[in-house]
Amino acid sequence: MFSRRNARPRILATAQAMIRQWPGCPPGIQELAGSTGLSRRAIYNHFAGPDDIYRAVFKDYLRVATEGAQLEISRTLPPAQAIDGFATSVLELIASEPYLMILRALAGGPTDEWLASAFRRTVRQPLARSVEAYLLYRRLPCSGIDPADAAEHLIATAEATVISRLLIRRDPLEGWELEFQARLIAQAFRAAYCSIPLSS
């Protein structure tokens, strides 16, 4: 028997498991009731409906992803290593479950304007500002480019890397593969934007 107190976390945990399977779709109340052992009425005591549950799950994902978007890279690293570090940090964040689930939700069904707007405002823009601020602070030898464009390029490349991996392999990008892909992203970034030797 479930108490009223632990019903909400149980509903959210079950909804999160369902959303992992179908990120673009709010979980159905009937399916949630069957999986949690709660009645539909008990679920409606905590949530207004499927969209309310969906947003509650993604608010948690957004909170975690927002914390990860505040990148801190050592300001004493040589330029090439600094870009390697940023590429690795950005790729680790994007390959993490919260960020990846948001990307999958936005790509996998009708666009949820609330989620798209919240993601852009609380995660994507702060992440871009972190990269841009570092490029400006270090005055890296990247002539004739807009740091905001360079930051956007780095993030978009990392997102494409993670998504293409998911489509091909369906397992997370981690360990040596993540480090290898991050190095490729950093090398491509330096080749496109910066006059930094690859060996520096």
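The values are calculated or read from the model by the stated rules, or taken from the named source; none is laboratory data. As the structure is a prediction and not an experimental result, all values here were calculated from the model. Note that we place each Cβ from the backbone using ideal geometry, even for glycine, and neighbour counts take in every protein chain shown. Protein only, heavy atoms only, side chains kept; ligands, DNA and RNA dropped before computing areas. Shrake-Rupley method; radii C 1.70, N 1.55, O 1.52, S 1.80 Å.
Just checking, does segment 21-43 include any residue being within 20 Å of TRP114 (Cα to Cα), at pLDDT 90 or above and buried (at least 16 other Cβ atoms within 10 Å of the Cβ)? No, every residue in segment 21-43 fails to be within 20 Å of TRP114 (Cα to Cα), at pLDDT 90 or above and buried (at least 16 other Cβ atoms within 10 Å of the Cβ).
Output the residues belonging to segment 167-187 that are open to solvent by 40 Å² or more (accessible area, probe 1.4 Å) and in a helix (DSSP H, G or I). Result: LEU167, ILE168, ARG169, GLY175, TRP176, GLU177, GLU179, PHE180, GLN181, ARG183, LEU184, GLN187. Return yes when THR14 is closer than 20 Å to GLU97 by Cβ and of a type in the set (Val, Ile, Thr) and no when it is not. Yes, satisfied. Among the criteria (1) part of a loop (DSSP other than H, G, I, E, B); (2) buried (at least 16 other Cβ atoms within 10 Å of the Cβ), the one ILE53 does not fulfil is (1).
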